[in-house]
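First the structure, in the form of structure tokens, and then the observations on it.
The values are calculated or read from the model by the stated rules, or taken from the named source; none is laboratory data. Predicted model, so just to flag it, every value in this text is computed and none were measured. Neighbour counts are summed over all protein chains in view; Cβ atoms, including those assigned to glycine, are modelled from backbone coordinates with ideal geometry. We work out accessible area using only protein heavy atoms, side chains counted, and drop any ligands, DNA or RNA first. Shrake-Rupley method; radii C 1.70, N 1.55, O 1.52, S 1.80 Å.
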Amino acid sequence: MPLPAKAFQRWLHGIAPDASVADVARASGVKRTTLAQQLVRGKVAEATVVGISRAFNVNPVAALGSFEPYRDLAEPPVPPTLQELVSQIATADLLHAIIARTEPEAGTVRGTGPPELSPPPHATSVKNWVDAIDDGELRHRVSAATGVAPQNYSAQLTANRLAPELAVATSRAAGVGPAGGLVAAGLVTETEAGWPAGARQAALDGLTDGQLTVLAGDRLQALGKTLRRQEHDQRQTEQIWKNLG
């Protein structure tokens, strides 16, 4: 849900009262033409606010909380649940952890210890996050609250993306911190969302060997289904082109 240009301009004046559009674009890395077009259309993208916030040393989550659709983000940060933290650990990192536990020397980087976890988002971070907080009825509640058809919501998850307003609505419907979905979607970082430093690593370390292995197995099984579907679609496409001559 793009933000109203007038509200954006009021917010921008508050953090950079003397900056021109060109100054803001240059400092934030947002293209001047992109910013100008958004202002003319009266709709400013959330990603634009995030980029400008970072350029002017304003927390992006707090900045989004300045706008009515994202008022939840203006509240003090809510710590992520254990399930959310685990959902934001990449599959490759889970496999590295298994190797490190079974073959400690093989799981280290030149003997300096295990590698750092890769930051969110990862290839299935959005769907994993929703699955982690879903009680079985979450998708229906989000659909009812937002008017987004379930199939359209599912399509975004399959594509590993989630519009910011849907991310916050999902958090609200699940009763978890409002910024978790923004982290999973890659709009903000875990630090910007107020997640404790090292929280994902601590969550990983807290998994038993059995829990870790089952989780990694589930991830690999899901990946296998996705790859098989892509291969099937590719074969169908090739057959169509072959038939067309």
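Computed quantities for the displayed model
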{"item": "Any hit, region 80-101, residues being over 18 Å from Gly186 (Cβ atoms), under 16 Å from the mean Cα position of the chain (by Cα) and at pLDDT 95 or above", "result": "yes"}
{"item": "Checking Val30 against (1) open to solvent by 50 Å² or more (accessible area, probe 1.4 Å); (2) out of contact with any Leu (no Cβ under 9 Å at 6 or more places or on another chain); (3) over 18 Å from Ala184 (Cα atoms); (4) of a type outside the set (Phe, Trp, Tyr), the condition it does not meet", "result": "(1)"}
{"item": "Filtered residues of region 12-46 (kept if assigned to a helix (DSSP H, G or I), at pLDDT 95 or above and of a type in the set (Gly, Ala, Ser))", "result": "Gly14"}
{"item": "Pair list, Cβ < 6 Å and 6+ apart or interchain, from region 34-47 residues that are within 15 Å of Val24 (Cα to Cα) to residues that are of a type in the set (S, T, N, Q) and open to solvent by less than 40 Å² (accessible area, probe 1.4 Å)", "result": "Val44/Gln38"}
{"item": "Number of the condition not met by Gln83 [criteria: (1) polar (S, T, N, Q); (2) loosely packed, with under 15 Cβ neighbours inside 10 Å; (3) in contact (Cβ under 8 Å) with a residue 12 or more places away in the chain]", "result": "(2)"}
{"item": "Residues located in region 33-66, provided they are more than 19 Å from the chain's Cα centre (by Cα) and buried (at least 20 other Cβ atoms within 10 Å of the Cβ)", "result": "Leu35, Val44, Ser66"}
{"item": "Contacts under 8 angstrom Cβ, first residue in region 197-221 being under 19 Å from Ser118 (Cα atoms) and in contact (Cβ under 8 Å) with a residue 60 or more places away in the chain, partner among the hydroxyl-bearing types (Ser, Thr, Tyr) and assigned to a helix (DSSP H, G or I), 6 or more apart", "result": "Ala216/Thr91; Arg219/Thr91; Leu220/Thr91"}
